[in-house]
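Colleague: Sending over a structure as structure tokens; questions will come in a sec.
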Amino acid sequence: MNQEAERPSTPPRSLYDATGAQLAAVLAGEPAYRVKQLWSGLYEQCKALDDITTLSAALRTRLTEQLPTALVPARESVSDKGDTIKFLWRLADGNHPIETVLMHYADRVTVCVSTQAGCAMACGFCATGQAGFSRQLTVGEIVEQVVRASRHAKQRKQRVANIVFMGMGEPLANEPAVWGAVERFHADMGISARHLTISTVGIVPGIRTLATRPLPVNLAVSLHAARDELRNDLVPINKRYPLEELMTACRDYLRVKNRRISFEWAMIAGVNDSARDASELAKLALSLKPTAHVNLIPLNPTPGFPTRGTDAAGVRRFADRLADRGVNATIRRNRGTDIDAACGQLAAGQPVVLTGRRGV
Ligand code: SAH
């Protein structure tokens with residue numbers, strides 16, 4: 001339990017934003033072990049306040065009144081025979097919608113969390129980018145997504161083992177809150193830092209900050225193109241942080257962390273799936289030590305982007321081309337495409353901006 005971050009003058013935004021000291025302040029007059037019971041109920045057992053019955057009903061009422069939760073459940077959509085669940089929430093303060101995806105696999109359960117309501121990065125092929133940015137999420141709003149998803153997983157007697165910061169938003173444009181959530185997952189929920197993955201569109205200052213952070217989390221970079229001309233088109237932030245700067249930041253990160261970086265590559269038919277693209281990508285992957293691992297994501301359909309994804313044979317061929325050059329690539333199995341829960345499909349029911357562009 002981290003009591004250092006206490007700032008009595010700024011009350012916590014929500015229950016899961018409260019530090020141990022702030023919870024203790026609400027429980028003033030109670031024996032000290034009450035705070036421990038509360039903390040363990042919230043983070044180890046992932047219980048709703050009302051189910052933490054080691055606390056009296058009066059205390060639970062006091063806590064609920066002073067520290068309300070931040071997420072209002074709006075909808076649950078289910079796919080993959082129940083193995084993929086997408087949660088739509090509304091943020092209690094202003095109705096902003098956000099989404100979280102819970103994925104059950106044979107040997108593990110993974111939660112994909114949102115870090116912002118919307119996204120300002122404007123990648124044309126991503127539904128979140130098409131819908132635009134509303135606001136940053138707080139630490140508590142990120143943590144509460146995982147707590148609630150864990151509660152759901154518990155009903156199936158499963159425990160969340162992996163968290164990917166790959167939902168709505170750009171994690172490194174909200175790095176302090178993301179890191180606050182990382183610390184809570186690691187220290188209070190017992191999820192190993194090695195099982196936490198932060199995915200970035202390539203915010204160079206954010207990568208540099210991450211390099212100064214102590215825990216061994218995984219870093220994934222959404223590359224999608226390995227030459228500036230094409231990447232400027234697909235990932236507009238590339239104009240601000242072009243590939244050379246991004247690769248330098250990755251190399252500096254590796255010097256400090258020595259943990260393999262992954263590159264994500266959404267495969268877009270006729271746009272970034274040629275032999276030339278494979279060879280440019282391989283060159284960048286091999287320029288990092290250790291060599292970057294590549295995750296190929298067959299492009300998922302989104303309303304604002306007309307171009308299709310590369311077909312299965314094309315994805316396989318691309319992966320083989322990378323392998324021939326000594327680069328390992330895995331093909332990400334799409335989850336929840338039918339409920340718009342797959343990579344790049346999280347728009348939380350927001351209308352997207354139809355640009356009428358050709359697709360890149
Ligand atoms: N903003 C962060 C976190 C999002 S992670 C980032 O860009 O890394 C979501 C991943 O899915 C990113 O790699 C993103 O580029 C990718 N993606 C976005 N739209 C997609 C789509 N339509 N199909 C497949 N992948 C997509």
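The values are calculated or read from the model by the stated rules, or taken from the named source; none is laboratory data. Owing to the predicted nature of the structure, the values given are computational and were not obtained by experimental measurement. Note that we place each Cβ from the backbone using ideal geometry, even for glycine, and neighbour counts take in every protein chain shown.
Colleague: Being touching a helix residue (DSSP H, G or I) at 6+ places or on another chain (Cβ under 7 Å) and within 15 Å of the ligand (Cβ to nearest atom) is the filter here, so list the residues in segment 233-242 that pass it.
Modeller: Going through segment 233-242, the residues touching a helix residue (DSSP H, G or I) at 6+ places or on another chain (Cβ under 7 Å) turn out to be 238-239, 241-242.
Hits for segment 233-242 are ASN238, TYR241.
Colleague: Please find, among ALA348, ALA313, ALA341, the residue that is at positive phi, of a type in the set (A, V, I, L, M, F, W, C) and either assigned to a loop (DSSP other than H, G, I, E, B) or more than 16 Å from the ligand (Cβ to nearest atom) (or both). Don't jump to the end; show me each part of the working.
Modeller: Values: ALA313 fails: at positive phi; ALA341 fails: at positive phi.
Testing whether each residue is at positive phi, of a type in the set (A, V, I, L, M, F, W, C) and either assigned to a loop (DSSP other than H, G, I, E, B) or more than 16 Å from the ligand (Cβ to nearest atom) (or both) leaves just ALA348.
Colleague: Let me ask something else about it. Exactly one condition in (1) of a type outside the set (Phe, Trp, Tyr); (2) at pLDDT 95 or above; (3) more than 21 Å from ALA161 (Cα to Cα) is not met by ILE85; state its number.
Modeller: Of the numbered conditions (1) of a type outside the set (Phe, Trp, Tyr); (2) at pLDDT 95 or above; (3) more than 21 Å from ALA161 (Cα to Cα), the odd one out for ILE85 is (3).
Colleague: If we scan segment 280-293, do we find a residue that is aliphatic (A, V, I, L, M), in contact (Cβ under 8 Å) with a residue 12 or more places away in the chain and within 12 Å of the ligand (Cβ to nearest atom)? Steps first, answer last, please.
Modeller: Filtering segment 280-293 for residues aliphatic (A, V, I, L, M) gives 281-282, 284-286, 288, 292.
Okay, now just the ones that are also in contact (Cβ under 8 Å) with a residue 12 or more places away in the chain, so 281-282, 284-286, 288, 292.
Retained after the next criterion (residues that are within 12 Å of the ligand (Cβ to nearest atom)): none.
No: segment 280-293 contains no residue that is aliphatic (A, V, I, L, M), in contact (Cβ under 8 Å) with a residue 12 or more places away in the chain and within 12 Å of the ligand (Cβ to nearest atom).
Colleague: Now for a different question. I'd like the residue in segment 105-126 that is crowded, with 18+ Cβ neighbours inside 10 Å and within 18 Å of VAL78 (Cβ to Cβ) and, out of all such residues, is farthest from the ligand (Cβ to nearest atom).
Modeller: Residue satisfying both the conditions and the ranking: VAL109.
Colleague: Let me confirm something: among THR19, THR61, THR53, which residue is among the polar types (S, T, N, Q) and either closer than 21 Å to LEU137 by Cα or surrounded by 16 or more Cβ atoms within 10 Å (Cβ to Cβ) (or both)? Break it down stepwise before answering.
Modeller: Working: THR61 fails: either closer than 21 Å to LEU137 by Cα or surrounded by 16 or more Cβ atoms within 10 Å (Cβ to Cβ) (or both); THR53 fails: either closer than 21 Å to LEU137 by Cα or surrounded by 16 or more Cβ atoms within 10 Å (Cβ to Cβ) (or both).
Exactly one of THR19, THR61, THR53 is among the polar types (S, T, N, Q) and either closer than 21 Å to LEU137 by Cα or surrounded by 16 or more Cβ atoms within 10 Å (Cβ to Cβ) (or both), namely THR19.
Colleague: Now a separate question. Of all residues in segment 147-200, count the ones that are away from the ligand (no atom under 16 Å from the Cβ) and within 17 Å of LEU346 (Cβ to Cβ).
Modeller: First pass over segment 147-200, keeping only residues away from the ligand (no atom under 16 Å from the Cβ): 147-161, 176, 180, 183-195.
Next, only the ones that are within 17 Å of LEU346 (Cβ to Cβ) stay: 148-149.
Matching residues across segment 147-200 total 2.
Colleague: For segment 31-46, give me each residue that is polar (S, T, N, Q) and either more than 18 Å from GLY190 (Cβ to Cβ) or outside the structural domain of ALA21 (by TED's automatic domain parsing) (or both). Spell out the reasoning first.
Modeller: Applying the first criterion (polar (S, T, N, Q)) to segment 31-46 yields 37, 40, 45.
The answer is none; no residue qualifies.
Colleague: Follow-up. If we scan segment 272-287, do we find a residue that is part of a helix (DSSP H, G or I) and closer than 24 Å to GLY129 by Cα?
Modeller: Within segment 272-287, one or more residues are part of a helix (DSSP H, G or I) and closer than 24 Å to GLY129 by Cα.
Colleague: Somewhere in segment 250-265, is a residue within 12 Å of the ligand (Cβ to nearest atom) and out of contact with any strand residue (DSSP E or B) (no Cβ under 7 Å at 6 or more places or on another chain)?
Modeller: Within segment 250-265, none of the residues are within 12 Å of the ligand (Cβ to nearest atom) and out of contact with any strand residue (DSSP E or B) (no Cβ under 7 Å at 6 or more places or on another chain).
Colleague: Every residue in segment 243-278 that is polar (S, T, N, Q), over 22 Å from ARG308 (Cα atoms) and in contact with a helix residue (DSSP H, G or I) (Cβ under 9 Å, 6 or more places away or on another chain), please.
Modeller: Taking segment 243-278 first, the residues polar (S, T, N, Q) are 248, 258, 262, 272, 274.
Narrowing the set further to residues that are over 22 Å from ARG308 (Cα atoms) leaves 248, 258, 262.
Hit for segment 243-278 is THR248, nothing else.
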